[in-house]
Amino acid sequence: MDIAAPPPLTAAELVSRVLFRDGLVLVIDKPAGLPVHAGPRGGDNLEALFDALRFGLPRAPALAHRLDRDTSGCLVLGRHRKALARLGKLFAGGRVEKTYWAVVEGDPAEESGRIDAPLAKQNARTGWRMTVDPAGQTAVTDWQVLGRANGLAWLALYPRTGRTHQIRVHCAAMGWPLLGDPVYRTTPRTGVPMHLHARAVSLPIYPNRPPVEAVAPVPGHLREAFEALGFRETEPADQRGGLSGQAQTA
């Protein structure tokens, strides 16, 4: 299934993708195949529809972080400047718990672990990419196997830093690239979508309240691969991928 050119997203559809909303924060379920903002050449993007998410406020919300074009799932928005400043401090301070689910090609030797490999941007005539580089910026990802079958593994991944393409590069460096990754897999598979989903997020934005949490359902274009590895969307709260770092499976 090719998701490079998804159907245009309407404002009403974006509103239906709101997972959480309060006076400070919106968490939306980002569709894969759509960039969060316009690139140098313009084109369809999620940000162009944010006016539909004002919900009575004078200004549209704004991005608190980014997801790659082909990554689906939880995307956090701040509803005004003060909210964005507060969210910015949480992300910069590593206080936001993010859980990603991925299907990777390969068989991790352990059931869980930590990848601690600095990353740097590498420029080439064919375009830029991130690479493991001892002189690069610190990058740490914790991971846990949730299922294995037929040379594939379903992983829950917990990035402890927020480097560009961090999960994709770290998994590839371990010898288990993301299924369908168009850049970091040695031989990209034509027509196979990238199997990376921002499953859950936890935001300790209020000092005296429990964290704001949201869980994004597995999208249809990834469901077959996850289900083949044991996933069942029966009790989302129990399968959020382990916001505490302890993933649970069906």
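Read-outs: derived from the displayed coordinates by stated rules, not from any lab. As the structure is a prediction and not an experimental result, all values here were calculated from the model. Cβ sites come from the backbone with ideal geometry, for glycine too, and all protein chains shown count toward neighbours.
Dipole size of the chain about its Cα centre, with +1 on Lys/Arg Cβ and -1 on Asp/Glu Cβ: approximately 1080 debye, rounded to the nearest 20.
Annotation for region 155-209 versus region 87-114: alpha-carbon center distance of 7 Å.
What area, in nm² and to one decimal, does the C-alpha convex hull of the chain cast on average over all directions? Write down the numbers at each step before the final one.
Working: hull surface 55.9 nm².
One quarter of the hull surface, i.e. the mean projection, equals 14.0 nm².
Between rounded, prolate and oblate, where does region 114-239 land on the alpha carbon gyration tensor, with a ≥ b ≥ c its root eigenvalues, rounded for a/c under 1.5, else prolate if a/b exceeds b/c? The partial results should precede the final answer.
Numbers: a/c = 2.02, a/b = 1.17, b/c = 1.73.
Here region 114-239 falls in the oblate category.
Summary value for the chain: 19 percent relative contact order, contacts being C-alpha pairs under 8 angstrom separated by 6+ residues.
Taking 0.36 nm per residue of separation and subtracting the Cα-Cα distance, full extension of the segment from residue 66 to residue 109 would add 12.4 nm. Result for the chain in a Gaussian network model with C-alpha springs under 10 Å: among 184, 100, 206, the largest mean-square fluctuation is at 206.
The fraction of Cα-Cα pairs per 10 angstrom bin, counted from 0 for region 27-120, comes to 13, 36, 34, 13, 4, 0 percent, rounded to whole percents.
When the chain is treated as a GNM with alpha-carbon contacts under 10 Å, the residue of 28, 167, 205 showing the greatest mean-square fluctuation is 205. Between the helical axis of 81-92 and the longest alpha-carbon principal axis of the chain there is an angle of about 20 degrees.
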